[in-house]
Amino acid sequence: SNFKNLASHKFYNCCRLRLTLISAQATVYITGVLGATHVETEHHLEMGRKLLAAGQLAEALSHYHSAVEGDSKNYLTYYKRAAVFLAMGKSKSALPDLTRAIQLKPDFLAVSQHEPHNVGLARDLQRSPDQEEAQDQLMKANELEELQEEAHAAHHRGDYSTTITVLDRVIEISPWDPESRELRAECYIRLGDPQKAIQDLTPTTRLRNDNRAAFLKLSMLHYSLGEHHESLNHIRECLKLDQDDKECFSHYKQVKKLSKQLDAAEELIQEERYQEAIEKYESAMKTEPNVPFYTNLAKERICHCLVKIKRAHDAIDVCSEAHQRDPRNVNVLRDRAEAFILNQDYEKAVEDYQEAREFDSDSNEIREGLERAQKLLKISRKRDYYKILGVNRSASKQEIIKAYRKLAQQWHPDNFQSEAEKKEAEKKFIDIASAKEVLTDPEMRQKFDAGEDPLDPENQQGGGGQGGHGWPFHFNPFESGGNFHFKFHYN
């Protein structure tokens, strides 16, 4: 019996010891698990804070979700997640989290109004910064929900100006809310202000993990404004997110083709290959016939190229069309003025330069062009050597000599009988010879093209010269009584 009692006692003690060890192990295990969970929660809270500060809201929200799952009794996890929801403009999601945070920590917000004033004041003084912030967040959440409902109602009835005004306050409260920015961008587009729409859409590409729609819309907006390089950059970002996106890929092909044509055309102009540049711009207009900016640009640059290759009549036609499409374009007015000068229509050239100067009074190029056109107009009222020979301003030396020979034979004074006819012929013959002298001498021709008559006595240094219609080289074969006869050897 004693042996049995002793055995039983030992067995009891062994069992008790065994249970103690198991309990201890369980306690250590449970404590370890809880400790690890606490560490993980703190890690998620810290990562969420850093990502929120960096504006990476989606990533921050993911960490706060994990923090809530890891420690559902911690009021701070709910509060922090609510802060992200508010930053994203999701007031309806924020309110339950704020409510749960208050339930877990009733003294988190300000004391009830029913408490004595001195007690409330004492507790207010002891309130932590988190408590102050939480109260502010709760007020903002309520205001945000009301404002969002008001904005959507205004948008639904087509009152886009009011929608923008309300969304201004929404975005002030919640600057990282992509939905509000996208809605405001849509309103700006409806009101014809694409630049402000771009300003709103640009940050939304970073506020969503996969915002291909925003990249596509940004690309289209830049494209419509003629900013094809920016358009190409944004549509490439869309394809980085999904290279098989049909809408983005379709738009990418269009933008890439047009951008390549426009860049190539400008390179050709820089290389002075103007005819090839014209052809390239004509191709660009076929590639994009529906966006006015690109047609206007092509017409403007073709006008410029035609002036450079001295096709005056064609240049005037294209420049006039470009001017009609874009009346305030200074470059078009300048180039059409030069086309008018090539066509020896100096009055219209002066008019175009004057109009261009009204739009750009600071341009030295426009000022100098106007002065030159005015000089040419003044000279043309006296003597225009191109008109005398009947040649264009772009005529070659050979064309000038050919015209001179024909007119010199026609107006030689020996071809006329009466004294009156001879005097008239002599006057014309002198003008013809003067025109040939000026226009076949590169230096004198350059002066004349710049608006200066090199044979005008007013332009001669020292006041000398041979008179308004002087014979070149200071020799007039008709001064000796009109009976001087000679033969011409045309050079």
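The values are calculated or read from the model by the stated rules, or taken from the named source; none is laboratory data. In this text the structure is predicted, and so the values were computed from the model without any measurement. Cβ placement follows ideal geometry from the backbone for every residue including glycine, while neighbour counts extend to all protein chains displayed. For the accessible areas, the whole protein counts, side chains as well, though only heavy atoms, and no ligand, DNA or RNA atoms are used. Shrake-Rupley method; radii C 1.70, N 1.55, O 1.52, S 1.80 Å.
Restricting attention to segment 144-195, the residues that are surrounded by 14 or more Cβ atoms within 10 Å (Cβ to Cβ) and more than 31 Å from the chain's Cα centre (by Cα) total 5.
Quick one: in segment 382-403, of everything that is free of Cβ contacts under 8 Å to residues at least 60 places away in the same chain and open to solvent by less than 30 Å² (accessible area, probe 1.4 Å), which residue is nearest to the chain's Cα centre (by Cα)? Going through the qualifying residues, I end up with Ala395.
Table: residues versus (1) under 17 Å from Leu439 (Cβ atoms); (2) part of a loop (DSSP other than H, G, I, E, B); (3) outside the structural domain of Val330 (by the TED database).
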residue: Asp362; (1), (2), (3): no, yes, no
residue: Leu370; (1), (2), (3): no, no, no
residue: Ser394; (1), (2), (3): yes, yes, yes
residue: Glu399; (1), (2), (3): yes, no, yes
residue: Ala403; (1), (2), (3): yes, no, yes
residue: Lys406; (1), (2), (3): yes, no, yes
residue: Gln409; (1), (2), (3): no, no, yes
residue: Asp414; (1), (2), (3): no, no, yes
residue: Glu424; (1), (2), (3): no, no, yes
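Exactly one residue among Val255, Val291 is out of contact with any Pro (no Cβ under 8 Å at 6 or more places or on another chain), of a type in the set (Val, Ile, Thr) and touching a residue at least 60 places away in the same chain (Cβ under 8 Å), and that residue is Val291. The C-beta contact set for segment 409-426 (first residue farther than 17 Å from Leu389 by Cβ and at pLDDT 85 or above, second residue open to solvent by 50 Å² or more (accessible area, probe 1.4 Å) and part of a loop (DSSP other than H, G, I, E, B), distance under 8 angstrom, 6+ apart or interchain) comprises Asp414/His485.
Mind listing whichever residues of segment 423-453 are open to solvent by 50 Å² or more (accessible area, probe 1.4 Å) and in contact with a Pro (Cβ under 6 Å, 6 or more places away or on another chain)? Hit for segment 423-453 is Lys447, nothing else. Taking the stated definitions as given, is Lys348 closer than 20 Å to Gly369 by Cβ and open to solvent by 40 Å² or more (accessible area, probe 1.4 Å)? Yes, satisfied. All told, Ser396 falls short of being polar (S, T, N, Q) and touching a His at 6+ places or on another chain (Cβ under 9 Å). Hey, among the residues in segment 357-378 that are basic (Lys, Arg) and open to solvent by 90 Å² or more (accessible area, probe 1.4 Å), which one's farthest from the chain's Cα centre (by Cα)? The extreme case among them is Lys378. Determine whether Leu57 is open to solvent by less than 60 Å² (accessible area, probe 1.4 Å), over 50 Å from the mean Cα position of the chain (by Cα) and at pLDDT 70 or above. Spelling it out, it is not the case that Leu57 is open to solvent by less than 60 Å² (accessible area, probe 1.4 Å), over 50 Å from the mean Cα position of the chain (by Cα) and at pLDDT 70 or above.
When you check Gln354 against the structure, is it part of a helix (DSSP H, G or I) and in the same structural domain as Gln446 (by the TED database), yes or no?
Numbers: part of a helix (DSSP H, G or I): yes; in the same structural domain as Gln446 (by the TED database): no.
So Gln354 fails the test.
Annotation note: of Ile341, Ile309, the sole residue that is under 27 Å from Val391 (Cα atoms), aliphatic (A, V, I, L, M) and crowded, with 22+ Cβ neighbours inside 10 Å is Ile341.
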